[in-house]
Amino acid sequence: MWLVNTIYRAGHITFSEINRRWIECPFSDGNPIPLRTFHNHRAAILDNFDINICCYKPRNEYYIENADDLASNSVASWLLNSFAVSNIAFENREIRDRILLEHIPSAQKHLDTILQALREERIIKIMYNAFDCDEAHPVTLKPYFVKCYERRWYLFGPSVDDGIVKSYGLDRILNLEVTDEHFVYPKDFVPTEYLLGAIGISNYPNIPPRRIVIKCTELQRRYLEALPLHPSQTVEEQHEEWSLISFFLAPTNEFYRRILSHREHMEIVSPPEVRAEFANILDIMLQPYYE
């Protein structure tokens, strides 16, 4: 990951410059990278992360092929970002009390075991205590995929009882057991397509995706350009003080919560049923203040 991060940040870089930076970093213990080891790492990076480190022969410079496409490789992008942050924190450990990072408690428990079950396609048994339940209940399920969202890791998969894919917060799993029973992961199931119309982890069969248009201030448009609300986000109209932005997604509670976070700077324009539902949410929220 250090090698990928170094080449990615440099754009084009020679092997001698890679070694100079390697010797200066805390991981090297002052020892250079042998050329053979370097090429072995290149092959391993291609096999494990589908990142191809190429060589521009006229200048003997190494670069990452299609570096702009790294953002679409969610695992590689996450690894790069995580490594970059941890490396920066390590190199600046003398001021670590001034580097504040978000804590993700669910990553410390069960994640490694669940990933092993995913690789081996083995059924797992969990004791799950959802926030809206007073007691934990057992669930036997087929682990399909995991997702990190807003400082929580979630496991997705169908239970053997009803076959419906649901999400389970790892921090709500009290006990976990990997069984010896295997399952066949469906070839036509694609996690990104399963969550295509969702924001975060919310995906409900009774709330289908639809085209939604919002009106926002110029400042909020800039915010959404920096951190898109959804991959389908499109600027339909842009004016000096306001813009119209469209999405194709399901109007779930998570969607309304995101709109609420922008306060009066964002308004749902269409469709009428989504606008009416949001207005009803606002009325319910205001009732305690009118009593």
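Surface composition of segment 185-291: carbon plus sulfur atoms contribute 56% of the solvent-accessible area (1.4 Å probe, protein chains only, all chains present).
Tell me, what is the per residue accessible area of the chain in Å², probe radius 1.4 Å?
On the way: 18450 Å² over 291 residues.
Roughly 63 Å² per residue, with all protein chains present.
The distance between label points at C54 and I164 comes to 4.8 nm (points 7 Å beyond Cα on the Cα→Cβ vector). Per-residue SASA remark: K109, around 110 Å² accessible (1.4 Å probe; ligands, DNA and RNA not included).
Roughly how many debye, to the nearest 20, is the charge dipole of segment 165-236 about its Cα centre, given +1 on each Lys and Arg Cβ, -1 on each Asp and Glu Cβ, and no other charges?
Working: 8 positive and 9 negative charges, 103 e Å.
Roughly 500 debye, rounded to the nearest 20.
Taking 7 Å steps out from each Cα toward its Cβ at N31 and N66 produces label points 3.6 nm apart. From largest to smallest, the equivalent ellipsoid semi-axes obtained for the chain from the alpha-carbon gyration tensor read 39, 29, 20 Å.
If the chain between T217 and N5 were fully stretched, how many nm would it gain, using 0.36 nm times the residue separation less the Cα-Cα distance? Before the final figure, lay out each step's value.
Details: separation 212, 0.36 × 212 = 76.32 nm, distance 3.65 nm.
Here the segment from T217 to N5 would lengthen by 72.7 nm.
Summarising the amide proton neighbourhood of G157: residues at separation of 5 or more, or on other chains, whose placed amide H is nearer than 5 Å comprise Y144, K166. With a Cα cut-off of under 28 Å and a minimum spacing of 8 residues unless on different chains, the lysine pairs in the chain number 13. Note on W153: accessible area is roughly 30 Å² with a 1.4 Å probe, heavy atoms of protein only. The residue list I124, L196, N66 was ranked by how far each Cα lies along the charge dipole of the chain toward its positive end, using unit charges on Cβ atoms, and N66 comes out on top.
Annotation: amide H-H contacts under 5 Å for S270 (H modelled 1.01 Å from N, sequence separation of 5 or more, or interchain): V213. Principal-axis analysis of the Cα atoms of the chain puts helix 35-49 at an angle of about 20° to the longest axis.
About the Cα centre of the chain, what is the dipole size in debye to 20, counting +1 per Lys and Arg Cβ and -1 per Asp and Glu Cβ, all else neutral?
For the chain, the charge dipole is close to 820 debye.
A cut-off under 13 angstrom between Cβ atoms defines the neighbours of T252, and their net charge, with Lys, Arg +1 and Asp, Glu -1, is +1. Helix 74-91 and the longest principal axis of the Cα set of the chain meet at an angle near 70°. Largest GNM mean-square fluctuation among P26, P208, P271, using the chain with Cα springs under 10 Å: P26.
Hydrodynamic estimate: the Kirkwood radius of segment 20-65 over Cα pairs, inserted into Stokes-Einstein at 25 °C and 0.890 mPa s, corresponds to D of 207 µm²/s. Annotation for segment 144-178 versus segment 240-291: alpha-carbon center distance of 29 Å.
In this rough spin-label picture, where each label sits 7 Å from Cα along the Cβ direction, the Y204-R122 distance is 3.6 nm.
The calculated FRET efficiency for the pair F189 and Q233, based on their C-beta separation and a Förster distance of 22 Å, comes to about 0.30.
Which of rounded, prolate, oblate describes segment 155-271, given a ≥ b ≥ c as roots of the alpha-carbon gyration tensor eigenvalues and a/c under 1.5 marking rounded, otherwise prolate only if a/b is larger than b/c? Please list the in-between numbers first.
Details: a/c = 3.00, a/b = 2.42, b/c = 1.24.
The shape class here is prolate.
The calculated FRET efficiency for A226 paired with D180, based on their beta-carbon distance and R0 = 45 Å, is about 0.40. Its alpha carbons considered, segment 97-230 gives a radius of gyration followed by a Dmax of 17.5, 56 Å.
The values are calculated or read from the model by the stated rules, or taken from the named source; none is laboratory data. From a predicted model like this one, the values you see are computed outputs, not experimental measurements. When we count neighbours, we look across all protein chains shown, and the Cβ atoms used for this are built from the backbone with ideal geometry, even at glycine. Areas reflect the complete protein model, heavy atoms only, side chains present, ligands, DNA and RNA absent. Shrake-Rupley method; radii C 1.70, N 1.55, O 1.52, S 1.80 Å.
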